[in-house]
Amino acid sequence: MKQRKFPKLIITGCNGLIGSILSPKLINLYEILGIDLIKSTLIPSVEFNTTSNYKNLKSIFKGFDVVIDLAAHSSVKTPWDMVASNNIQSTYNVIKAASESGIKRVIFASSNHVTGMYEKDYPYNNIVSGNYPKENKIPYITTSMPIRPDSPYGIGKSTGEAIAKYFSEKFNISIICLRIGTVNLKNKPIDSEGTSAIRSFATLLTHDDLIQLIKKSINAPTNVKYEIFYGVSNNKWRFWNIKDSEIKIGYIPNENAEKWR
Ligand SMILES: NC(=O)c1ccc[n+]([C@@H]2O[C@H](COP(=O)([O-])OP(=O)(O)OC[C@H]3O[C@@H](n4cnc5c(N)ncnc54)[C@H](O)[C@@H]3O)[C@@H](O)[C@H]2O)c1
């Protein structure tokens with residue numbers, strides 16, 4: 001008899017970069033159903049537009065435990081009308097459907113671009129341009145500091161965090177927002193869409209650390225109701241605080257972008 005594996009996972013946006021990194025690592029641990037505009041070849045999936053009727057999303061979600069919500073136009077250059085019509089609408093639908101269909105936890109792919117404007121200020125401006133400051137200790141940007149979105153895309157992710165906060169407080173669903181740093185296919189600091197190689201020495205989140213962060217978010221204690229965590233590797237020049245995710249979910253990244261210096 002096939003043993004039922006817990007929890008049962010939904011991955012929206014499963015066919016994209018992060019979905020394709022996660023799927024092979026999670027498929028043997030959990031029952032998974034992917035949702036994307038185009039079917040995945042890696043996991044069982046349905047073709048569905050998450051901005052369409054959320055009642056259909058509710059019926060897809062029935063019987064599942066956790067949603068990893070990746071569906072979005074992921075470019076930092078995404079224009080406002082697409083952020084509003086796709087990204088924000090999708091996040092709203094997914095979280096509303098989750099909160100009404102017995103899903104216990106949503107892991108929302110937020111972004112470091114929620115606080116990207118801090119990078120205009122010293123010392124972050126110097127770090128992202130490779131002009132490294134002399135000080136040994138960099139004051140970390142924390143998730144309790146005010147948001148400073150750097151783009152319409154960043155505004156969309158900030159709004160997603162607000163949507164998550166509302167549904168978590170109103171309907172008692174657990175939601176973890178991950179302000180993901182830089183994930184790329186090559187899995188090392190390179191020039192990629194929206195970021196430079198030199199910036200990604202600070203912002204890289206390696207595939208192994210990403211997988212650890214997602215697994216620890218899935219399995220976080222039930223008293224984790226609403227949290228925002230930065231998703232970054234243990235890079236020498238990282239400037240986001242990750243002490244809170246270590247304390248609350250045990251995330252301790254193992255990799256440091258300096259190994260590619
Ligand atoms: N890659 C990174 O470095 C990074 C950094 C910060 C945040 N993020 C966020 O993480 C998530 C995944 O990123 P990625 O790099 O895999 O992006 P991606 O563009 O490779 O994948 C996104 C996937 O979402 C799907 N999608 C978009 N709108 C949809 C809709 N309405 N209905 C169904 N599917 C839809 C797309 O078809 C695509 O397969 C995104 O939300 C992105 O904003 C990524």
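The values are calculated or read from the model by the stated rules, or taken from the named source; none is laboratory data. In this text, all values refer to a predicted model and were calculated from it rather than measured experimentally. Here Cβ is always computed from backbone atoms with ideal geometry, including for glycine, and neighbour counts include all displayed protein chains.
Selection of segment 93-125 for residues being surrounded by fewer than 16 Cβ atoms within 10 Å (Cβ to Cβ) and farther than 22 Å from Ile155 by Cα yields Gly102, Lys104, Tyr122. Quick check on segment 161-169. Is at least one of its residues more than 25 Å from Met82 (Cβ to Cβ) and surrounded by fewer than 24 Cβ atoms within 10 Å (Cβ to Cβ)? The answer is yes; a qualifying residue exists. Summed over segment 22-35, residues that are over 11 Å from Ile10 (Cβ atoms) and not small (Gly, Ala, Ser) total 7.
Within segment 32-87, take every residue that is modelled with pLDDT under 95 and surrounded by 18 or more Cβ atoms within 10 Å (Cβ to Cβ) and give me the one that is farthest from the ligand (Cβ to nearest atom). The residue in question is Tyr54. Screening Glu193 against (1) at pLDDT 95 or above; (2) of a type in the set (D, E, K, R); (3) within 12 Å of the ligand (Cβ to nearest atom) leaves a single unmet condition, (1). Criterion first (among the hydrophobic types (A, V, I, L, M, F, W, C) and within 22 Å of the chain's Cα centre (by Cα)) does Ile103 satisfy it? Yes; evaluated as a whole, the condition is true for this residue. For segment 182-202, the criterion of being part of a loop (DSSP other than H, G, I, E, B), among the β-branched types (Val, Ile, Thr) and in contact with a Phe, Trp or Tyr (Cβ under 8 Å, 6 or more places away or on another chain) is satisfied by no residue at all. As a summary of the residue check, Ser90 satisfies the conditions (1) outside any loop (DSSP other than H, G, I, E, B); (2) more than 8 Å from the ligand (Cβ to nearest atom); (3) closer than 24 Å to Asn172 by Cβ except for the one numbered (2). Ile107 meets the stated requirement of being within 12 Å of the ligand (Cβ to nearest atom) and either modelled with pLDDT under 95 or in contact with a helix residue (DSSP H, G or I) (Cβ under 9 Å, 6 or more places away or on another chain) (or both). Suppose the filter is at pLDDT 95 or above, within 10 Å of the ligand (Cβ to nearest atom) and either surrounded by fewer than 20 Cβ atoms within 10 Å (Cβ to Cβ) or not basic (Lys, Arg) (or both); does Ile10 pass it? Criteria not met by Ile10.
The set of residues in segment 229-251 that are among the aliphatic types (A, V, I, L, M) and surrounded by 13 or more Cβ atoms within 10 Å (Cβ to Cβ) comprises Val232, Ile242, Ile249. Can Leu178 be described as part of a loop (DSSP other than H, G, I, E, B), in contact with a helix residue (DSSP H, G or I) (Cβ under 9 Å, 6 or more places away or on another chain) and within 12 Å of the ligand (Cβ to nearest atom)? No; evaluated as a whole, the condition is false for this residue. Checking each residue in segment 55-98 for being of a type in the set (Asp, Glu) and in contact with a Lys or Arg (Cβ under 7 Å, 6 or more places away or on another chain) picks out only Asp65. Residue pairs whose Cβ atoms lie under 8 Å apart, separated by 6 or more positions or on different chains, with the first residue in segment 116-138 and within 19 Å of Asp150 (Cβ to Cβ) and the second small (Gly, Ala, Ser), are Gly116/Ser151; Gly116/Gly154; Ile127/Ala202; Val128/Ser196; Val128/Ala202.
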